[in-house]
Amino acid sequence: MNVNVVEQKFCERFGDKGMLFASPGRINLIGEHTDYNGGFVFPGAIDKGMVAMIKPNGLDVVRAYAVDLDDYVEFGLREEDAPAASWARYIFGVCREIQKRGGQVKGFDTTFSGDVPLGAGMSSSAALESTFANALNDIYELGIDRFELARIGQSTEHNYCGVKCGIMDQFASVFGKAGHLMRLDCRSMEFEYFPFNPEEHGYKLVLLDSVVKHELVGSPYNDRRASCERVAAKLGQEFLRGATMAQLDAIKGEISEEDYKRARYVIGEEQRVLDVCAALERGDYETVGRRMYETHWGMSKDYEVSCEELDFLATLAEECGVTGSRIMGGGFGGCTINLVRAELYEGFLATAKARFAERYGHEPKVYSVVISDGARRIN
Ligand code: GLA
């Protein structure tokens, strides 16, 4: 992360130094579109994220400079002061959500930069939200607990960015721990750290970015969520979590074909997360991989959040003997996450690059995964 640049730009603009805070993006091994259904997710924070320098300025405005976009915005802290720039709305939203919870946030200066690829399904926006939620909590000594920091990020998405997301991304960004995945129960909010060192078992985890950009805002994401909520309501439940295929089949005639398929995917995915956690505890990576492929095709055919490029990458992975591969994150573009035996790794990447480029005119981007710590202050 570009700590030095963030600091240098801060000094140039504001003539002084502030405090540095960082928060990561995330991967998710399995459990996609389960969070807002009250189900399980299995993410980990990564070594890519956001870093921000921040200092209270004694005014009632926030003065923010986005280093990567070379864009500067000033905004006040009342509801009607919402900035137009979408990146600034994340920061504004975090301030407002803290205020709604009774926290006193005043004006501050900030510069920030990130290395989470945008739109790749690695939660650059959650990294931005948790950086500021954590920083403002620290600077103003607000005493907000870490779950609430995650919720502040989630509410920012809901109320200021138009995405009715679940809690997974913000949770992972706040609670991440190096070398560990986290299984979170999104209904009870209980979670457990799982040591995750695929290398010790002869596997590597790698992301292939199709570079197809997704746009979750005001979008198909919210439609997916609405389908799930309709089916849950039909079943007389708050969440789809816990519903069985038999229950779903019993109401099949009363719901749309589309809603049926969405719910079928979610119910299957709940079980796959539990299967994967159990398999990991036995070191059974083959089962982990099989479930990943099942998730991919469930997301593609039933949930319909994949795209041609990602289906191509998952198919190619299977042909290359890759243990598991699937679309990661909300969908509509972005990355596949691949679990690859070490001896196949180089060959797989070479083939994937060549075949993808032959078909789509450019190579996929490759990111190796390092599971890292969550939101923190760095000086
Ligand atoms: C996006 C959302 C998350 C989650 C995933 C899909 O990343 O922000 O809450 O729903 O999609 O698993």
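The values are calculated or read from the model by the stated rules, or taken from the named source; none is laboratory data. Source: prediction; values computed, not measured. Here the Cβ positions follow ideal geometry from the backbone for every residue, glycine too, while neighbour counts run over all protein chains shown. Side chains are part of the model used for accessible areas, which takes the heavy atoms of the whole protein and leaves out ligands, DNA and RNA. Shrake-Rupley method; radii C 1.70, N 1.55, O 1.52, S 1.80 Å.
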Could you grab me the full set of residues in segment 216-256 that are open to solvent by 40 Å² or more (accessible area, probe 1.4 Å), within 16 Å of the ligand (Cβ to nearest atom) and free of Cβ contacts under 8 Å to residues at least 40 places away in the same chain? D223, E229
Taking the stated definitions as given, is G93 assigned to a loop (DSSP other than H, G, I, E, B), in contact (Cβ under 8 Å) with a residue 40 or more places away in the chain and in contact with a helix residue (DSSP H, G or I) (Cβ under 8 Å, 6 or more places away or on another chain)? no
Would you list the strands (runs of 3 or more DSSP E) that sit entirely within segment 310-379 and hold 3 or more residues that are among the aliphatic types (A, V, I, L, M)? 335-341
Would you check if L149 is at negative phi and assigned by TED's automatic domain parsing to the domain that holds C335? no
Going through segment 191-240 in order, the residues found to be modelled with pLDDT of 95 or more, of a type in the set (A, V, I, L, M, F, W, C) and in contact with a strand residue (DSSP E or B) (Cβ under 8 Å, 6 or more places away or on another chain) are F191, L205, V206, L207, L208
What about V174, is it closer than 18 Å to G25 by Cβ, open to solvent by less than 30 Å² (accessible area, probe 1.4 Å), assigned by TED's automatic domain parsing to the domain that holds G39 and in a loop (DSSP other than H, G, I, E, B)? no
Tell me whether segment 128-148 contains one or more residues that are under 22 Å from K213 (Cβ atoms), within 10 Å of the ligand (Cβ to nearest atom) and either in a helix (DSSP H, G or I) or open to solvent by 20 Å² or more (accessible area, probe 1.4 Å) (or both). no
Which pairs do you get when a residue that is under 17 Å from H33 (Cβ atoms), found in segment 300-329, comes within reach of a residue that is more than 15 Å from the ligand (Cβ to nearest atom) and basic (K, R), reach meaning Cβ atoms under 7 angstrom, with the pair 6+ apart or on two chains? D302/K261; D302/R264
Looking at H201, H180 in this structure, which one is over 18 Å from the mean Cα position of the chain (by Cα) and farther than 24 Å from S300 by Cα? H201
Does L181 count as touching a helix residue (DSSP H, G or I) at 6+ places or on another chain (Cβ under 9 Å), away from the ligand (no atom under 16 Å from the Cβ) and at negative phi? no
Given the conditions (1) within 16 Å of the ligand (Cβ to nearest atom); (2) more than 25 Å from N338 (Cβ to Cβ); (3) of a type outside the set (K, R), report the number of the one that H33 does not fulfil. (2)
Quick test for you: out of A232, A226, pick the one residue that is outside the structural domain of G49 (by TED's automatic domain parsing), over 29 Å from S86 (Cα atoms) and part of a helix (DSSP H, G or I). A232
Looking only at segment 268-299, how many residues end up being touching a residue at least 40 places away in the same chain (Cβ under 8 Å), open to solvent by 40 Å² or more (accessible area, probe 1.4 Å) and within 12 Å of E32 (Cβ to Cβ)? 1
Residues of segment 102-121 being over 24 Å from P24 (Cα atoms) and open to solvent by 40 Å² or more (accessible area, probe 1.4 Å), in sequence order, are G102, Q104, K106
